[in-house]
Amino acid sequence: MSNDTIKLQAEARTKFGKGAARQIRREHKIPAVMYGHGADPVHITLVGHDAMMALKNPNALLTIVLDGDEQMALAKDVQRDPIKPVIEHIDLVVVRKGEKVTVDVPVHLEGEAAPETVVTVDHATLQLEAEATNIPEAVTVSVEGLEAGTQILAGAVELPAGATLVTDAEALVVNVTQQISAEALEAELAEAEAEAGIEHEESDAEAEAAAEGEGEAAEGEATEGDEAKSEDA
């Protein structure tokens, strides 16, 4: 956990619409809106590079500096370009010291499970309630030595001090299963394809191998026939 905040310089925004937003982004800035605690929404722009670096941690506590005033905030929604590595818009929610907030915190695994097992993470994040100024960066779950058949539910995960679980306590977080062999996997795939009626076309190599096999078989039969004639003679 960290009580540190990241300062971001902001400018008031008075122009709106798609055209204005495109112009802001051409200036390497990001349009944003800040709201919360009953105050009117405040439309601002942020320096693009600084904001992108700050939001590498989705739960980063930000200090927005606007006209000399500072306001703590969390990124509530970050809209990203589906193709380019660009943030298009940010929704910021105002928070205050001592206030409880609900956030999604990533699950990190540590350790190695027992040999020939597969560890699956069913919940990559857990929803927690924590103080706005003391949000956990991650929740650590140890899988050291766990055998196949082990399941870890959300309620069994050890949480950082001051955090409480919001996610359903019965939600499956980590599942440890027996590793399947390549032969068994291939057999399962073949069975599934057969049930689905999927037929594979014979490749050129397979056709050639089959033809060679048939040719060798025919040659063998011919040789046996010649030997039989020789014996009769």
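Some observations on this one:
- So L126, is it touching a helix residue (DSSP H, G or I) at 6+ places or on another chain (Cβ under 7 Å) and under 30 Å from Q179 (Cα atoms): yes
- Yes/no for E112 being outside any strand (DSSP E or B) and acidic (D, E): yes
- Set E219, E202, E208: member being at pLDDT 60 or above and of a type outside the set (G, A, S): E208
- Restricting E70, E116, E88 to residues that are more than 30 Å from T45 (Cβ to Cβ) and among the charged types (D, E, K, R) narrows the list to E116.
- Within the stretch 126-136, one or more residues are closer than 28 Å to Y35 by Cβ, touching a Pro at 6+ places or on another chain (Cβ under 8 Å), in contact (Cβ under 8 Å) with a residue 60 or more places away in the chain and assigned to a loop (DSSP other than H, G, I, E, B).
- Selected residue (criterion: surrounded by the most Cβ atoms within 10 Å (Cβ to Cβ)) from residues of the stretch 8-24 that are under 19 Å from G68 (Cα atoms) and not acidic (D, E): A10
- Just one of (1) closer than 26 Å to P136 by Cα; (2) exposed (fewer than 14 other Cβ atoms within 10 Å of the Cβ) fails for Y35. It is (2).
- Residues of the stretch 57-94 classified as part of a loop (DSSP other than H, G, I, E, B), open to solvent by less than 50 Å² (accessible area, probe 1.4 Å) and free of Cβ contacts under 8 Å to residues at least 24 places away in the same chain, total: 1
- Sole residue being over 30 Å from V143 (Cβ atoms) and surrounded by fewer than 18 Cβ atoms within 10 Å (Cβ to Cβ), chosen from E27, E110: E27
- Residues that are over 20 Å from T5 (Cα atoms) and either in contact with a Pro (Cβ under 9 Å, 6 or more places away or on another chain) or polar (S, T, N, Q) (or both), drawn from the stretch 74-116: Q79, E88, H89
- Restricting the stretch 145-195 to residues that are over 30 Å from E131 (Cα atoms), in contact (Cβ under 8 Å) with a residue 60 or more places away in the chain and not in a loop (DSSP other than H, G, I, E, B), the residue that is least open to solvent (accessible area, probe 1.4 Å): V176
The values are calculated or read from the model by the stated rules, or taken from the named source; none is laboratory data. Keep in mind that what you see is a predicted model, and the values were worked out from it rather than measured. Neighbour counts are summed over all protein chains in view; Cβ atoms, including those assigned to glycine, are modelled from backbone coordinates with ideal geometry. All accessible areas refer to the heavy atoms of the entire protein, side chains included, with ligands and DNA or RNA removed. Shrake-Rupley method; radii C 1.70, N 1.55, O 1.52, S 1.80 Å.
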